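Peer 1: Dumping the structure here so I can ask a few things about it.
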Amino acid sequence: MIKVSHLTKTFETKDIKVEALKDVSFEVNDGEIYGIIGLSGAGKSTLIRCLNRLEKPNSGSVEIDGVKLEDLSDKELRIRRRKIGMIFQSFNLLMQSTVIDNVCFPMTIAGLNKKQAKTKAIEYLKVVGLENKANVYPSQLSGGQKQRVAIARVLASSPEILLCDEATSALDPETTKSILTLIKDINQKYNITVVMITHQMSVIQEICNRCAVLENGKLVEENTVDELFRNPKTEAARRLIFNTSNKTSKLSGGKLLRIAFEETNSLDPVIANMILEFKQPVSILQSDISSIHGNSKGQMLIQLPKDEEIANKMIEYLNKKDSVVVQEVE
Ligand SMILES: Nc1ncnc2c1ncn2[C@@H]1O[C@H](COP(=O)(O)OP(=O)(O)OP(=O)(O)O)[C@@H](O)[C@H]1O
Ligand SMILES: [Mg+2]
C-alpha cells in the first residue's frame, strides 16, 4: 500500500515561491489503479515525483508497504526505487539503442548477464506485442509503439508499482485506448499497483478504480470513478468532467444544470415530460455519453428559463427523479 500523508512541497526561486503541493493525503491499495487528475500546473508531476522521492517534500511523508521513504538511506532508497517503474508522455527511450537493448537495460544494471536479459526481454516484448520490432531503433517506431517499449522496459525491472505521468497524452484516442488496455492487462497479470496521472477524464474513466482531483496543489476531492462522474462535489471536478466534451457557449438566459444519468434509464422522457409539464422551453447545450469501465453513463448540460421561479420549480422537479443527479453549474 502507498500511504501519502500531509505532503507539502514549495519551490522557491529568487523572486517567487510556488506552493506546488499543499497538505496532500491519500492512500492507494495494492493492485489498484488509482488516478490523479488535474489541470496543467496543479502539481501532478511534483506529486508523482514525491512518490519515488525524485522530489523531496518539505513536509509530510510517503510510506510504501509500511516503510517511510524519508527513513531510508540512499542505498536503501535506490533498491526501493527499482520496484517503482515510471512511464512518461515523452517515452524517455535510449534513442541510440535498439528496442531489445532498451528493454535489457534495467536487467543488465541489476546484474543479469546479456543472454539471460535478452531471453527475458523477448518475453516482455511479447507481452506488449512488439517481439517483431526487437532489433529496430526507437526512431523507427510510432508513438504508441514507443510507449509499449517503455512499458516492456518497466516490466523488465519486475516492479510492484507503476507510476504513469501523462503516459497517453501524446497519443491519438485509438492508441490511447490500446495503451490503457495494456496497462490494465499488466496490472492484472503481474499484480502491479498503478498510479495514473492525467488531465483527461476519459483516461480515468477507462481504467481507474478510484481517483483524486488535484487543484492548485490541493487534493480537493477523492472518490470512486463512478461516483465522481455521477456526483462531482467540487467545481474543479465538474470542470474536468466537462472538459472531455465539446465546448459550449452559454446563451444569455437562466441557470445551467448538469444532469448525470445511466444511459439505460434513458433521460429523454424526464426532460421532455418536464417541458410538457411547465410549458416552458429548455435549451440543451451539451449532451454526451461516456464509458466508465465499459458501462455507458451520460451527462447533459441544460439551460433553464430566465424566470427564476419557474427555474427553481424545475430544479425541484428534477431533484425528485431518482434516475438522474442534478447539479447547478457556473
Ligand atoms: N523545479 C521547479 N522549480 C520551480 N517551480 C516548479 C518546479 N517544478 C514545478 N514547479 C511549479 O510547481 C507547480 C506544479 O507543477 P507540476 O509540474 O507538478 O504541474 P503538473 O500538474 O504536472 O502540470 P502539467 O499538467 O502541465 O504537467 C507549477 O506552478 C510549476 O511551475
Ligand atoms: Mg506534469
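Peer 1: Please sort 70-79, 317-326, 293-302 by packing, taking for each peptide the average over its residues of neighbouring beta carbons within 10 angstrom, highest first. Intermediate results must be reported in sequence, preceding the final value.
Peer 2: Numbers: 70-79: 10.8, 317-326: 14.9, 293-302: 16.7.
Going by the mean number of other Cβ atoms within 10 Å, highest first, we get 293-302, 317-326, 70-79.
Peer 1: Additional query: Give, in nm to one decimal, the length gained when the segment between Ser158 and Ser178 is fully stretched (0.36 nm per residue of separation minus the Cα-Cα distance). List each step's numbers first, then the result.
Peer 2: Values: separation 20, 0.36 × 20 = 7.20 nm, distance 2.17 nm.
Extending this stretch completely gives an extra 5.0 nm.
Peer 1: Another one. For the chain, which whole percent of the accessible surface, found with a 1.4 angstrom probe, sits on carbon and sulfur atoms?
Peer 2: On the way: 7620 of 16300 Å².
Carbon and sulfur: 47 percent of the exposed surface of the chain.
Peer 1: Separation between the His293 and Asn135 pseudo-spin-labels, each 7 Å from Cα along Cα→Cβ, expressed in nm?
Peer 2: With each label placed 7 Å out from Cα toward Cβ, I get 4.5 nm.
Peer 1: Given the convex hull of the Cα atoms of segment 93-185, what is a quarter of its surface area in nm²? Mind showing how you got there, number by number?
Peer 2: Values: hull surface 23.2 nm².
One quarter of the hull surface, i.e. the mean projection, equals 5.8 nm².
Peer 1: Shifting gears a bit: Using packing as a proxy for protection, rank 116-128, 6-18, 98-110 so that the peptide with the highest average count of other Cβ atoms within 10 Å comes first. Write out the running numbers ahead of the final one.
Peer 2: Numbers: 116-128: 18.4, 6-18: 12.2, 98-110: 20.4.
Final packing ranking: 98-110, 116-128, 6-18.
Peer 1: From zero outward in steps of 5 Å, how is the percent of C-alpha pairs of segment 2-233 spread across the bins?
Peer 2: 1, 7, 14, 18, 19, 16, 12, 8, 4, 1, 0
Peer 1: For Lys184, give me every one of the lysines with a C-alpha distance below 19 angstrom, ignoring sequence neighbours fewer than eight places off in its own chain.
Peer 2: Reachable lysines: Lys83, Lys126, Lys146.
Peer 1: If R₀ is 30 angstrom, what is the calculated FRET efficiency for the pair Thr8 and Asn231, using the beta carbon separation as r and rounding to 0.05? Could the numbers behind the result be given before it?
Peer 2: On the way: r = 29 Å, r/R0 = 0.97.
FRET efficiency, Thr8 to Asn231: 0.55.
Peer 1: Right, next: For segment 1-115, treating each Cα as an identical point scatterer without solvent, what Debye log10 I(q)/I(0) comes out at q = 0.09, 0.11, 0.13, 0.17 1/Å?
Peer 2: -0.32, -0.47, -0.65, -0.99
Peer 1: What is the calculated FRET efficiency for Arg78 to Lys114, with r their C-beta to C-beta distance and R₀ = 25 Å, to the nearest 0.05? If you can, show how the numbers build up before the last one.
Peer 2: On the way: r = 23 Å, r/R0 = 0.90.
Efficiency computed from Cβ-Cβ geometry: 0.65.
Peer 1: For a protection proxy built on the mean count of beta-carbon atoms within 10 angstrom, sort 134-140, 85-91 highest first, please. List each step's numbers first, then the result.
Peer 2: Numbers: 134-140: 14.3, 85-91: 20.0.
My ranking of the peptides, most packed first, is 85-91, 134-140.
Peer 1: Per-residue HN-Hα couplings for segment 204-214, Karplus 6.51 cos²θ - 1.76 cosθ + 1.60 at θ = phi - 60°, whole Hz, x for Gly and Pro?
Peer 2: Whole-Hz 3J(HN,Hα) from phi for segment 204-214: 4, 5, 5, 10, 7, 8, 10, 8, 10, 10, 10.
Peer 1: Once amide H atoms are built 1.01 Å from N in the peptide plane, which residues 5 or more positions from Lys218, or in another chain, come under 5 Å H to H?
Peer 2: Residues meeting the amide H criterion: Lys22.
Peer 1: Also, quick follow-up: What whole-number value in Å² describes the accessible area per residue of the chain for a 1.4 Å probe? Write down the numbers at each step before the final one.
Peer 2: On the way: 16300 Å² over 330 residues.
In whole numbers, the chain has 49 Å² accessible per residue.
Peer 1: Using θ = phi - 60° and the Karplus curve 6.51 cos²θ - 1.76 cosθ + 1.60, what whole-Hz ³J(HN,Hα) does each residue of segment 6-23 get, with Gly and Pro shown as x?
Peer 2: Coupling constants for segment 6-23: 6, 6, 10, 9, 10, 9, 10, 10, 2, 10, 10, 10, 10, 8, 6, 9, 10, 6 Hz.
Peer 1: Still on this structure, please answer the following. Between Ser323 and Asn92, what FRET efficiency comes out of the Förster formula 1/(1 + (r/R0)^6) with R0 = 56 Å and r the beta carbon distance, rounded to 0.05? Working shown, then result.
Peer 2: Numbers: r = 46 Å, r/R0 = 0.83.
The calculated FRET efficiency here is 0.75.
Peer 1: How much length would be gained if the chain were fully extended between Ile310 and Glu63, taking 0.36 nm per residue of separation minus their Cα-Cα distance, in nm to one decimal? Please report the intermediate quantities before stating the final value.
Peer 2: Working: separation 247, 0.36 × 247 = 88.92 nm, distance 5.31 nm.
That works out to 83.6 nm of additional length.
Peer 1: Shifting gears a bit: Could you sort out which of Lys22/Lys44; Lys297/Lys321; Lys14/Lys75 sit more than 21 Å apart by Cα distance in this structure? Spell out each step's value before the answer.
Peer 2: Values: Lys22/Lys44 12 Å; Lys297/Lys321 17 Å; Lys14/Lys75 32 Å.
Correct reply: Lys14/Lys75.
The values are calculated or read from the model by the stated rules, or taken from the named source; none is laboratory data. Here the structure is a predicted model, which means the values were calculated and not measured. Here the Cβ is made from the backbone with ideal geometry for all residues, glycine too, and neighbour counts use every protein chain on show. Keep in mind that these areas ignore ligands, DNA and RNA; they rest on the heavy atoms of the full protein, side chains included. Shrake-Rupley method; radii C 1.70, N 1.55, O 1.52, S 1.80 Å.
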